[in-house]
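Student: Starting off with a structure, shown below.
The values are calculated or read from the model by the stated rules, or taken from the named source; none is laboratory data. This structure is a prediction, so every number in the text was calculated from the model and none was measured. Cβ: placed from backbone, ideal geometry, glycine included. Neighbour counts: every protein chain shown. The protein model used for the area step is the full one, side chains on, heavy atoms only, and it has no ligands, DNA or RNA in it. Shrake-Rupley method; radii C 1.70, N 1.55, O 1.52, S 1.80 Å.
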Amino acid sequence: MNEPILTCRGLTKLYGSMPAINELTVDIFKGKIVGLLGPNGSGKTTLIKLAAGLLQPSSGVLTVSGMPVGVETKKRVSYLPDRDYLPGNMRARELLKMFSDFYEDFDQQKAIEMLSRLGIDLSKRFRTMSKGTREKVQLSLVMSRQADLYLLDEPIAAVDPAARDYILRTVIQNYKEGSTVLISTHLIADVEPVLDDVLMMQNGTIRLYGPAAGIRAEAGKSIDMLFREVYQC
Amino acid sequence: MLGVCLKYETKAFARIMVPLILCFAFSWLFLAVLLDGSIQIIHSGNVLGFLLLITLFPMLLFSLFGIPVIGCIYSIKRYYDNLFSDKAYLMRTLPVKASTLMCCVVVNSLLWIAVTIGMILLLSAVPAAVGADGSLSAMIKGIKDFFTSQLGVAGTLSYLSSLMYFQFTMMLALTIASKSSGPRVLRAFGILMLIFFVSALPETSLMALFSGLKLVSAETGYETFISGYHGAISLGIFLYLYFKLDKHTEVL
């Protein structure tokens, strides 16, 4: 399980002349739940979007399972963006069909079970659902894939504490064994208990990277407390 | 995956285009059958018939020119949505190349233009078929008469190539503007104007040159020249986008 799933070598992403990711070199390993932590503008979302294939690196190398980001890696990566991204006019049932048409690793039965447990009407259009329900539908679809890498960008940022618990429980219970989950968030206290590794970013570079338990033991405090200390304004 | 993409794209286009085409088909048929497809109604003093004629005739014109325009604008919207809007977070993470997504939009825009033309051809024959003896020869004559008298083949081609030229130019402008984080549609419009201006210079120069060499004239058809010129630019933009899109589009 010590093979890297996501590898960055001198990865740089510029927005104009401003670097969002700056000469980043890091390996993220298989079978881990990794917390991608950092303040706003530290490069978390940019890194996730680069890995998902939504952005192109300005320089450097980014690979998923040893392959440059492209059609093949998209078959192995399950991505949840930080916004509503599913077509509002589609019904939940149609979304299930769409995912199963495009992704060979999509487990439609599992998705139906997850949505049924939440009491979501499959004939309802996506745009008519409440914000919390839309988040849950998106998460259910993303976690119903048997992917090698799950990229979750701020999955608990815009929901109430009860929904946060549900989302984290869903992630833990449904990700494929041996796969990697990369969760970007700044609500560290909520995700800390489930993290294996922590990658803290600042100004597009790594501030701290290692096993969560090791960091906690070394600092003598929780990751949340350490984060507040490191990034205090 | 091309087939799956095409299926979803065609469904999306059909939601807009089928009701439009059916709406105008029924209007046209209504016009043709009720008024006996004849312009003689104007001279007959039938006020109701005349009112129906002047109400429904704009629909005929709209179906001729408007539906392909709507198809063209909708395909630009689909292109933008699929590649650059929030929906791109779904479409661009599917295991499909960006160029495949573009091709699906282009294929659909051509497909629906073809369907519209087919429908117009059929409908244009209805007045002749109803008004005359209803035979197949009358129908064919109706089609021929309609196109020669109303638009002409060169005119139709010129109109369609101009539409495609606008569509591809706008797609290129949106792609270039996608790099900016500001108001992209506005920026795209500015780029579009610039491309039109730049491409108009060689167009007028070539036209003047060809006219001077007597390669183009009013008899041989300026419209054919314009169709060819617009067609060539559209093809060039399509090939450029096809090969560069995957590396040059970003969802900011």
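Student: Have a look at A:GLU154, A:GLU94, A:GLU135 and tell me which one the Gaussian network model of chain A (Cα, springs below 10 Å) gives the largest fluctuation.
Tutor: For chain A, modelled as a Gaussian network with Cα springs under 10 Å, the answer is A:GLU94.
Student: How much length is gained if the chain between B:VAL18 and B:TYR222 is pulled fully straight, taking 0.36 nm per residue apart and subtracting their Cα-Cα distance, in nm to one decimal?
Tutor: 70.0 nm
Student: Now a separate question. For the stretch A:4-230, what is the accessible area per residue in Å² when the probe is 1.4 Å?
Tutor: Accessible surface, normalised per residue, equals 40 Å².
Student: Select from the stretch B:91-112 all residues whose loss of accessible area on going from the chain by itself to the full protein assembly reaches 10 Å² or more (probe 1.4 Å).
Tutor: B:MET91, B:ARG92, B:THR93, B:LEU94, B:PRO95, B:VAL96, B:LYS97
Student: Further question on the same structure: For A:ILE206, B:ILE54, what's the largest-to-smallest order of accessible area, 1.4 Å probe?
Tutor: Sorted by accessible area, descending: B:ILE54, A:ILE206.
Student: Roughly how many nanometres apart are two label points built 7 Å out from the Cα toward the Cβ at A:GLU218 and B:MET207?
Tutor: 7.1
Student: Under 20 Å from a label point 7 Å along Cα→Cβ of A:GLN108: give me every residue in the stretch A:121-141 with its amide N that close.
Tutor: Answer for this model: A:121-126, A:137-141.
Student: May I ask what percent, to the nearest 5, of DSSP beta bridges between residues of the stretch A:4-230 are antiparallel?
Tutor: Here the antiparallel bridges make up roughly 55 percent for the stretch A:4-230.
Student: What is the Å³ per residue value for the convex hull set by the Cα atoms of chain A?
Tutor: In chain A, the Cα hull volume divided by residue count equals 127 Å³.
Student: Going toward the positive end of the dipole of the protein assembly as shown, with +1 on Lys and Arg Cβ and -1 on Asp and Glu Cβ, which of B:ALA12, A:THR185, A:LEU149 do you reach last?
Tutor: Most positive-ward Cα: A:THR185.
Student: List every residue whose amide H lies under 5 Å from the amide H of A:MET201, counting only residues 5 or more places away in sequence or on a different chain, with H placed 1.01 Å from N in the peptide plane.
Tutor: Hits under the 5 Å cutoff: A:LEU37, A:GLY38, A:ARG207.
Student: Could I ask something else about it? In debye, nearest 20, what is the charge dipole magnitude of chain A about its Cα centre with +1 on Lys and Arg Cβ and -1 on Asp and Glu Cβ, if you could check?
Tutor: 600
Student: Roughly what % of DSSP beta bridges within the protein assembly as shown run antiparallel, to the nearest 5?
Tutor: Percent antiparallel among DSSP bridges in the protein assembly as shown is about 55.
Student: List every residue whose amide H lies under 5 Å from the amide H of A:VAL181, counting only residues 5 or more places away in sequence or on a different chain, with H placed 1.01 Å from N in the peptide plane.
Tutor: A:LYS32, A:ILE33, A:VAL34, A:TYR150
Student: Local charge sum around B:MET1 (other residues, Cβ-Cβ under 11 Å, Lys/Arg +1, Asp/Glu -1)?
Tutor: +2
Student: Hey, what D do you get for the stretch B:152-252 in µm²/s if you plug the Kirkwood alpha-carbon radius into Stokes-Einstein at 25 °C and 0.890 mPa s?
Tutor: It comes out at roughly 165 µm²/s.
Student: By a straight-distance test (C-alpha under 22 Å), which lysines pair with B:LYS11 as possible cross-link partners, with residues fewer than eight away in the same chain excluded?
Tutor: Cross-link targets: A:LYS97, A:LYS124, B:LYS77, B:LYS87, B:LYS97.
Student: Regarding the protein assembly as shown, what whole-number volume in Å³ per residue does the convex hull of its Cα atoms give?
Tutor: Residue-normalised Cα hull volume stands at 190 Å³.
Student: Shifting gears a bit: With r defined as the distance between the Cβ atoms of B:PHE30 and B:VAL198 and R0 fixed at 30 Å, what FRET efficiency is calculated, to the nearest 0.05?
Tutor: It comes to 0.05.
Student: A further question follows. What number results when the radius of gyration of the stretch A:1-107, computed over Cα atoms, is divided by 2.2 N^0.38 Å?
Tutor: For the stretch A:1-107, the normalised Cα radius of gyration comes out at 1.19.
Student: Top to bottom by accessible area (1.4 Å), largest first, where do A:GLU218, A:GLU23 land?
Tutor: Ranked list, largest accessible area first: A:GLU218, A:GLU23.
Student: Related question: Is there a quick way to get the dipole size of the protein assembly as shown? I mean about its Cα centre, with the Cβ of Lys and Arg at +1 and of Asp and Glu at -1; what is the value in debye to the nearest 20?
Tutor: Once rounded to the nearest 20, the dipole reads 160 debye.
Student: Can you give the Rg to Rh ratio of the stretch A:143-233, both from alpha-carbon atoms, with Rh computed by the Kirkwood formula?
Tutor: Rg divided by Rh gives 0.96.
Student: Give me a comma-separated list of calculated 3J(HN,Hα) values for the stretch A:59-69, in order, Karplus coefficients 6.51, -1.76, 1.60 applied at θ = phi - 60°, integers in Hz, x for any Gly or Pro.
Tutor: Taking θ as phi minus 60°, the curve returns 7, x, 10, 10, 10, 10, 6, x, 10, x, 4 Hz for the stretch A:59-69.
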